[in-house]
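The values are calculated or read from the model by the stated rules, or taken from the named source; none is laboratory data. What you see is a predicted model, and the numbers here were worked out from it, not measured in a lab. Please note: Cβ atoms are built from the backbone with ideal geometry, for glycine as well, and neighbour counts cover all protein chains shown. Surface areas here come from the heavy atoms of the whole protein model, side chains and all, with no ligands, DNA or RNA. Shrake-Rupley method; radii C 1.70, N 1.55, O 1.52, S 1.80 Å.
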Amino acid sequence: MSNKTDEKKEVSRRDFLGLVSLGMAVLASIPVIGGAFRMAKANVRYEDSIKFKIGMIEDFPVGAVKKIDERKVFIFADEDGFSAISAVCTHLGCIVFKTEGGFQCPCHGSKYNEGGKVIAGPAPRPLSWFEISQGIDGTLVVDASKEVSAGTKYKFV
Ligand code: FES
């Protein structure tokens, strides 16, 4: 009688160890299976378009400085035309704010002059300038995928 109980205990222990092994195997395979699903998924980031409308010419009177928060860009309008300067700090990507003489980053203190050139701080590069075009309907369009030389201004009729 006691012999049979020992055998039952032995089988139970064996079953238990088998279940533990199976559990460990399942746990170990999760990253592999996850990686396989990750590879099957297209490596595309669904972000806002980098070409966007900013408004009509009349929305930017001469002397206007407008920050479009959702697009992280400043739009300037003066007698020479329109320009678009990125509001993204080139250090670690914080959003700069406009100062009297240019721009400043609130994160680590980088400062840029009015043209976006670095004048202080850890920022490694100047702020980007973007291409502006005019759509058929007269809307101004910024293309943040097309960087242009600092100082580039666009005139539209
Ligand atoms: Fe702008 Fe660091 S992110 S200075």
| Could you give the length gained on full extension between Lys98 and Glu70, defined as 0.36 nm per residue of separation minus the Cα-Cα distance, in nm? | 8.5 nm
| remark: Along segment 112-121, Karplus-curve 3J(HN,Hα) (6.51, -1.76, 1.60; θ = phi - 60°) to the nearest Hz, with x for Gly and Pro, reads 10, 7, 5, x, x, 6, 5, 10, 6, x
| query | In whole angstrom, and with the biggest value first, how far do the Cα coordinates of segment 69-147 range along each principal axis? | reply | 42, 25, 19
| note | Phi-derived 3J(HN,Hα) across segment 85-92 with the Karplus relation (6.51, -1.76, 1.60, θ = phi - 60°), rounded Hz, x for Gly and Pro, is 10, 4, 9, 8, 4, 7, 6, 10
| Quick one: ranking Phe52, Phe156 by accessible area, 1.4 Å probe, largest first, what do you get? | Phe156, Phe52
| Residue-span extension gain [Glu114 to Val141] - 0.36 nm each, minus C-alpha spacing | 7.5 nm
| query | Which residues' amide hydrogens lie under 5 Å from the amide hydrogen of Ala87, considering only partners 5 or more residues apart or on another chain, with H built in the peptide plane? | reply | Val73, Phe74
| message | Sort 18-27, 118-127, 85-94 by packing, meaning the average of other beta carbons within 10 Å per residue, with the highest value first. | response | 85-94, 118-127, 18-27
| task | Give me the accessible area of Lys153, 1.4 Å probe, in Å² rounded to the nearest 10. | result | 80 Å²
